[in-house]
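The values are calculated or read from the model by the stated rules, or taken from the named source; none is laboratory data. Values in this document were obtained by computation on a predicted structure and should not be read as measured data. Backbone-built Cβ (ideal geometry, glycine too); neighbour counts: all protein chains shown. Heads up: the accessible areas ignore ligands, DNA and RNA and are worked out on the full protein's heavy atoms, side chains in. Shrake-Rupley method; radii C 1.70, N 1.55, O 1.52, S 1.80 Å.
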Amino acid sequence: MTAAVEIIEVGPRDGLQNEKAALAARDKLRLIEMLADCGLARIEAAAFVSAKKVPQMADAAEVVSGLPMRENICYSALVPNMRGLRAALAAGRLGEIAIFTGASESFVRANINCGINESINIFRDVVAEAKANGLRARGYVSAAVFCPYEGAIQPAAAAKVAAQLRDIGCGEIAMADTVGRGTPQTVEKMLRAVLAEVPAQSVAVHFHDTFGTAIANVACALEMGIAKTDAAVAGLGGCPFAPGAPGNLATESVARFLREQGIATGINESKLKKAGDFILPLLGKR
Ligand code: HMG
Ligand code: MG
């Protein structure tokens with residue numbers, strides 16, 4: 001198993017996008033600063049998406065243009081199309097964009113209002129322009145094991161989309177269990193198919209923790225040579241277009257789990273706890 005794991009913090013985006021409480025941009029920035037202080041080297045900070053669809057991300061430009069710049073921190077944002085990319089580039093301060101499609105036609109349509117192949121065509125140009133502007137590109141495959149509309153997803157379907165994202169230039173592919181229905185058995189089958197297409201160093205996993213299986217799923221990914229996992233501070237999160245998708249795997253849980261196995265993450269867990277203690281009351285959760 002790997003000696004070090006990279007944790008990609010997605011709380012400020014995936015965590016906050018599903019919260020009822022409207023958070024001020026300054027509070028989002030304070031949270032991001034606290035997360036940066038924890039030693040998290042990659043933070044997904046915002047999403048340049050339709051404000052009608054996801055009002056919680058309407059202030060993406062304000063958040064991104066105010067990001068606390070630190071050496072060795074790469075900030076990322078979701079972009080759904082060229083318009084989102086242009087806004088992200090104008091805001092500056094990002095090292096990476098994340099585009100997002102999925103392994104289920106129904107989920108992709110509910111989420112971004114187009115089919116899978118159509119989304120790949122849109123993202124081909126977005127990725128090319130992002131890279132031409134010096135940004136890295138990550139691609140998400142949502143509903144990679146289970147779809148809230150279609151049920152179980154065939155591993156081959158997830159692998160096919162991962163390969164399409166590789167082909168359009170994504171340097172990292174994040175395989176996402178959007179509704180948290182994956183188990184080590186189904187995750188292993190999905191990842192085995194993906195790893196036949198994409199090398200392990202270019203694969204990350206993104207687990208929601210609906211049934212408490214996210215840590216076991218991370219362990220399964222580690223066994224398969226994958227050393228990058230997404231997580232959200234305080235286990236915040238969910239997708240507004242995936243009924244029943246609650247919190248992400250908590251950063252606190254995965255940091256602790258890895259430390260106990262002697263795997264380095266570079267995270268200061270007591271500072272991480274402070275970040276959780278800061279954000280939960282603002283969301284009315286404590
Ligand atoms: P559309 O639905 O096809 O409609 O948009 P449109 O193109 O006619 O645009 C709708 C409105 O959005 C229009 O405004 C556009 O101007 C505007 P109106 O004329 O009605 O006032 N618009 C934009 N506004 C800001 N930024 C933009 C942008 N583009 C259009 N970039 C679109 C398609 C994808 C934009 C829309 O459906 C959308 O924003 N969907 C939201 C997607 C989203 O944020 N989903 C949640 C994140 S994904 C996720 O959580 C999964 C993940 O965590 C992995 C996992 O767990 O599975 C990543
Ligand atoms: Mg997610």
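Below 8 Å, C-alpha to C-alpha, sequence gap of six or more: please give me the relative contact order for the range 1-76 in percent. About 37 percent, as a whole number. In the full protein context, the range 1-73 carries 42 Å² of accessible surface per residue, based on a 1.4 Å probe and ignoring ligands, DNA and RNA. Evaluating 6.51 cos²θ - 1.76 cosθ + 1.60 at θ = phi - 60° for every residue in the range 93-99, the Karplus couplings come out as 6, 9, x, 8, 10, 10, 9 Hz, glycine and proline recorded as x. Computed over protein heavy atoms with a 1.4 Å probe, the carbon and sulfur contribution to the accessible area of the range 6-282 reaches 51%. Less than 5 angstrom separates the built amide H of Y149 from none of the residues sequence-distant by 5 or more or on a different chain.
Taking a ≥ b ≥ c as the square roots of the eigenvalues of the Cα gyration tensor, the chain is classed as rounded, since a/c falls below 1.5.
Measure up K28/K285; K228/K285; K160/K189 against 18 Å on the Cα-Cα distance and list the ones that go over. The answer is K228/K285. Our note on the geometry: Cα centres of the range 12-63 and the range 210-286, 16 Å apart.
Compute a Gaussian network model of the chain, connecting alpha carbons closer than 10 Å, and tell me which residue from V54, V254, V205 fluctuates the most. Comparing V54, V254, V205 in the GNM, the peak value goes to V54.
Hey, what did the chain get for relative contact order, percent, Cα under 8 Å, at least 6 apart? List each step's numbers first, then the result.
Details: 640 pairs, mean separation 63.6, N = 286.
Contact order relative to length: 22 percent.
Sparse packing (at most 13 other Cβ atoms within 10 Å of the Cβ) combined with a DSSP loop state is found for the following GluC sites (Glu not before Pro) in the range 68-161: E71.
Could you tell me whether the range 1-151 comes out rounded, prolate or oblate from its Cα gyration tensor? Rule is a ≥ b ≥ c as square roots of the eigenvalues, rounded for a/c under 1.5, then prolate if a/b exceeds b/c, otherwise oblate.
Values: a/c = 1.39, a/b = 1.36, b/c = 1.02.
Cα axes put the range 1-151 in the rounded bin.
Phi angles across the range 154-169 convert, under the Karplus curve 6.51 cos²θ - 1.76 cosθ + 1.60 with θ = phi - 60°, into 3J(HN,Hα) values of 5, x, 4, 5, 5, 5, 4, 5, 4, 5, 5, 5, 4, 5, 8, x Hz, Gly and Pro given as x.
Could you sort the peptides 155-165, 107-117 by per-residue average Cβ neighbour count (10 Å cutoff), highest mean leading? Before the final figure, lay out each step's value.
Details: 155-165: 22.3, 107-117: 19.3.
In descending order of packing, they fall as 155-165, 107-117.
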